[in-house]
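Notes follow the structure.
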Amino acid sequence: MIDGSPDGVAWERASLVRVAPPVRPRKLAKVPFLELADGRLQGVVSSGSDIERVYVSSFAAGTHAFTCSTNNNRPCGGVSAQHACKHLQLLVAEATLQYGTQRVARYLRVEAPEGAELITCLRGHHEPAPAAAVFSRFLRHLAYLEVPDSTAPVPELAWFPATAVG
């Protein structure tokens, strides 16, 4: 009996979703957006050389196929057929800070021995994937930073979990 229900899935019927706090705090300057979604570890990684450029990077769960390109689908120059670029390495490093190594490893379906760096366990190959959906979600999240302070409800944010006060 999990979550107080006989079938153990009460959270699936709830209007609120449990949000896990980050395992360790992370800096958002290098990887401002990352998610475990759509069968991928994916996110937006800042360029180390151009403040106006970002890369959309991802690893597919199971196959560990990886991709890295600019937000307008220009390929990253550091990716080769068998080797991940520094953007992909940063993505994995920040994901392990956010979610923990074991959770990311489970999601990507990779065996990660205790103490191993997760990036060394991923044996994928380069497989281009469109960056538009991930970049679009990133821009939508950025737009919330521009919402003026208010005590009134914001309909677009109604899905965020509420916390009890008192």
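Quick note: the coordinates plus some simple rules give every number you see, no bench work behind them. Fair warning: this is a prediction, and the values are worked out from it, not measured in the lab.
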4 °C / 1.567 mPa s Stokes-Einstein diffusion coefficient of the range 73-144, Kirkwood radius on C-alpha pairs, µm²/s: 94 µm²/s
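Considering the convex hull of the alpha carbon atoms of the range 21-141, report its projected area averaged over all viewing directions, in nm², one decimal.
On the way: hull surface 28.0 nm².
One quarter of the hull surface, i.e. the mean projection, equals 7.0 nm².
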